[in-house]
Amino acid sequence: MEPKKGLKLEVSSVVFLAIAMLAGVAIGYTYNVRGQDSSAQSAALIVPSMCELCNRPTLEPINPLNPPGISNTSVSLTQIPTPGGAVRQASVEFRFTLTNTNNRDMFISKIPGVALSTSTEGSVGLPAHSSSTLTFVTANPSAMAADTGTVPTSGFFVIPSGNSRSFIYQGQVDNKNGVMGLRVFKITGINYRFDLIGPTRSDGTLKNGLQNLVITTVLTP
């Protein structure tokens, strides 16, 4: 009997189709579709066609949150002499501008000791007997809609997404209980966050670009 032509091709096609269907089941996957209930999607087993495998949706990547950019850094110091001419105290100011490049608002505490990390490293002449403190802060713009609390005891300054805001921190260094020597007072970190949950928690600390935020002065006993 003469074999039927095309039988081999037909059998091969059936085998290929069966393999493809089994592969589709094996590759069955779940995924979340943006804007839809993820739990409902995850509960369903999706068996895509071979064409769908080429164009299946992917999870949207989460962009990492960036620290603020810093610019316009400067400091100033005003010595305060006693009537006898001794200089035991000086007022200080630290100025800088922060820029929020993220797609969500950023917050800085209105409490100077929470917003900033400071150091007196480099001081000489028994610096432990002196003090260096920041007591107040002003911002420009002075007030924004999402600000909370009251300087310098509570709340936060907002830096809206894509915007900048300038700050002036005021304080003093003194030597009322020390001996004559060099006093160093510097900002070593600026703490920031992206929500208002908890009064002192931070999401990160800016440590770069602070090299100009250093004050040095010599104080007498």
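The values are calculated or read from the model by the stated rules, or taken from the named source; none is laboratory data. Not measured: the values here are computed from a predicted model. All Cβ positions, even for glycine, are placed from backbone atoms using ideal geometry, and neighbour counts span all protein chains on display.
Take the range 129-166 and flag every residue that is within 21 Å of T216 (Cβ to Cβ) and touching a Phe, Trp or Tyr at 6+ places or on another chain (Cβ under 8 Å). Scanning the range 129-166 gives S132, L134.
N140 meets the conditions (1) more than 30 Å from M180 (Cα to Cα); (2) in contact with a Ser or Thr (Cβ under 7 Å, 6 or more places away or on another chain); (3) surrounded by 13 or more Cβ atoms within 10 Å (Cβ to Cβ); (4) not acidic (D, E) in every case but one. The failed one is (3). Selection over the range 73-105 of residues that are closer than 17 Å to N212 by Cα and buried (at least 19 other Cβ atoms within 10 Å of the Cβ) gives a count of 4. Of the residues making up the range 106-132, those that are assigned to a loop (DSSP other than H, G, I, E, B) and surrounded by 19 or more Cβ atoms within 10 Å (Cβ to Cβ) are K110, I111, S123, S130.
Would the range 75-94 turn up any residue that is under 18 Å from L196 (Cβ atoms), within 26 Å of the chain's Cα centre (by Cα) and of a type outside the set (D, E, K, R)? Reasoning before the result, please.
So the first thing to find is which residues in the range 75-94 are under 18 Å from L196 (Cβ atoms), and the list is none.
Scanning the range 75-94, I find no residue that is under 18 Å from L196 (Cβ atoms), within 26 Å of the chain's Cα centre (by Cα) and of a type outside the set (D, E, K, R), so the answer is no.
Consider the range 137-175. How many of its residues are part of a strand (DSSP E or B), free of Cβ contacts under 8 Å to residues at least 60 places away in the same chain and touching a helix residue (DSSP H, G or I) at 6+ places or on another chain (Cβ under 7 Å)? Steps first, please.
Here is the first cut: in the range 137-175, the residues part of a strand (DSSP E or B) are 137-140, 148, 156-159, 164-174.
With the extra rule that they be free of Cβ contacts under 8 Å to residues at least 60 places away in the same chain, the set shrinks to 137-140, 148, 156-158.
Cutting the leftovers down to touching a helix residue (DSSP H, G or I) at 6+ places or on another chain (Cβ under 7 Å) gives us 137.
Total meeting the criteria: 1.
When V173, V179, V218 are checked against the criterion of being at pLDDT 90 or above and either assigned by TED's automatic domain parsing to the domain that holds N103 or over 14 Å from the mean Cα position of the chain (by Cα) (or both), V173 stands alone in meeting it. Taking (1) on the phi > 0 side of the Ramachandran plot; (2) modelled with pLDDT of 85 or more in turn, S74 satisfies each apart from (1).
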